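Have a look at the structure below before the remarks.
The values are calculated or read from the model by the stated rules, or taken from the named source; none is laboratory data. Here the structure is a predicted model, which is why all the values come from computation and not from measurement. Glycine also receives a Cβ, built like all others from the backbone with ideal geometry; neighbour counts cover every protein chain displayed.
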Amino acid sequence: MPENASAAASTVPPISIYGRIGITLGVKNLHSDQDAAKLVEARLSTSVLRSLLQHGLDESDVHELVIPRRTLSHRKARRERLTQDESDRAMRVARILALAGEVFGEEERALRWLRKPHSRFERRSPLDLLITETGARLVEEALHQIDDGIFV
């Protein structure tokens, strides 16, 4: 077998953005927006929040962007899943974390960019904008531009 053929056979295919989102949330079988919508509609487990923490968010980020601390305490005490709105917010945050990780190539660099205020966002950090879907779309657009080599 030629040397190049063996190298090609042993390479691992890149992880899709959906695979990255799934890893960030700690969920399986996420392959499309349709899968993401189904997971949100079925309501995510509170365990996804632990996974977001493992991928670089602080507890304060989770409480600000996904679910308030007191509400989370009640959900855990009652062994309830996140609501659809909370699940949607967790999916939004995971989507941006996954995209930033893909664009910057490593989680630490992505998190530094997400936490740093940018003039493009009126001196707010991209993470601050994730409080709304509209803000998340602005962050997503900036990440795509960075990935395409457009100065942001």
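Any idea which residue in region 108-134 is farthest from the chain's Cα centre (by Cα), counting only those that are among the charged types (D, E, K, R) and in a helix (DSSP H, G or I)?
As a first pass, look at region 108-134 and keep what is among the charged types (D, E, K, R): 108-109, 112, 115-116, 120, 122-124, 128, 133.
With the extra rule that they be in a helix (DSSP H, G or I), the set shrinks to 108-109, 112, 115, 120, 128, 133.
On the way: 108: 14, 109: 14, 112: 14, 115: 14, 120: 21, 128: 14, 133: 13 Å.
Within region 108-134, the match that is farthest from the chain's Cα centre (by Cα) is 120.
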Item to complete: Would you check which residues across region 26-40 are in a helix (DSSP H, G or I) and either exposed (fewer than 11 other Cβ atoms within 10 Å of the Cβ) or without any contact (Cβ under 8 Å) to a residue 40 or more places away in the chain (or both) and list them?
Response: 33, 34, 35, 37, 38
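Can you name every residue in region 67-90 that is of a type outside the set (Gly, Ala, Ser), surrounded by fewer than 22 Cβ atoms within 10 Å (Cβ to Cβ) and part of a helix (DSSP H, G or I)? Break it down into steps so the answer makes sense when it comes.
The first filter runs over region 67-90 and keeps only residues of a type outside the set (Gly, Ala, Ser), leaving 67-72, 74-76, 78-86, 88-89.
Keeping just the survivors that are surrounded by fewer than 22 Cβ atoms within 10 Å (Cβ to Cβ) gives 68-72, 74-76, 78-81, 83-85, 88.
69, 70, 71, 72, 74, 75, 76, 84, 85, 88, listed by residue number.
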Discussion item. Would you confirm whether or not region 104-117 contains a residue that is buried (at least 18 other Cβ atoms within 10 Å of the Cβ), at pLDDT 95 or above and touching a Lys or Arg at 6+ places or on another chain (Cβ under 7 Å)?
Written reply: no
Worksheet item: When you scan region 36-53, how many residues do you find that are farther than 16 Å from residue 22 by Cβ and within 12 Å of the chain's Cα centre (by Cα)?
Response: 1
Worksheet entry | Residue among 137, 95 that is part of a helix (DSSP H, G or I) and loosely packed, with under 15 Cβ neighbours inside 10 Å | 137
Worksheet item: Name the residues in region 53-66 that are touching an Asp or Glu at 6+ places or on another chain (Cβ under 8 Å) and either in a helix (DSSP H, G or I) or over 22 Å from residue 99 (Cα atoms) (or both), would you?
Response: 53
Worksheet entry | Tabulated pairs, region 65-84, first at positive phi, second surrounded by 12 or more Cβ atoms within 10 Å (Cβ to Cβ) and at pLDDT below 95, C-beta under 9 angstrom, 6+ apart or interchain | none
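Tell me, please, whether a residue that is surrounded by 11 or more Cβ atoms within 10 Å (Cβ to Cβ), at pLDDT below 95 and farther than 20 Å from residue 84 by Cα can be found in region 1-14. Break it down into steps so the answer makes sense when it comes.
In the first step, residues of region 1-14 are kept if they are surrounded by 11 or more Cβ atoms within 10 Å (Cβ to Cβ); the result is none.
No, region 1-14 contains no residue that is surrounded by 11 or more Cβ atoms within 10 Å (Cβ to Cβ), at pLDDT below 95 and farther than 20 Å from residue 84 by Cα.
Determine whether residue 143 is hydrophobic (A, V, I, L, M, F, W, C), farther than 18 Å from residue 33 by Cβ and surrounded by 13 or more Cβ atoms within 10 Å (Cβ to Cβ).
Values: hydrophobic (A, V, I, L, M, F, W, C): yes; farther than 18 Å from residue 33 by Cβ: no; surrounded by 13 or more Cβ atoms within 10 Å (Cβ to Cβ): yes.
Spelling it out, it is not the case that residue 143 is hydrophobic (A, V, I, L, M, F, W, C), farther than 18 Å from residue 33 by Cβ and surrounded by 13 or more Cβ atoms within 10 Å (Cβ to Cβ).
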Item to complete: Kindly indicate the residue of region 54-64 that is under 17 Å from residue 116 (Cβ atoms) and without any contact (Cβ under 8 Å) to a residue 24 or more places away in the chain and also farthest from the chain's Cα centre (by Cα) among those meeting that condition.
Response: 60
Item to complete: Could you identify the single residue in 102, 141 that is among the acidic types (Asp, Glu) and over 18 Å from residue 20 (Cβ atoms)?
Response: 141
Worksheet item: Do we have any residue at all in region 120-134 that's surrounded by 13 or more Cβ atoms within 10 Å (Cβ to Cβ), among the polar types (S, T, N, Q) and either touching a residue at least 60 places away in the same chain (Cβ under 8 Å) or at negative phi (or both)?
Response: yes
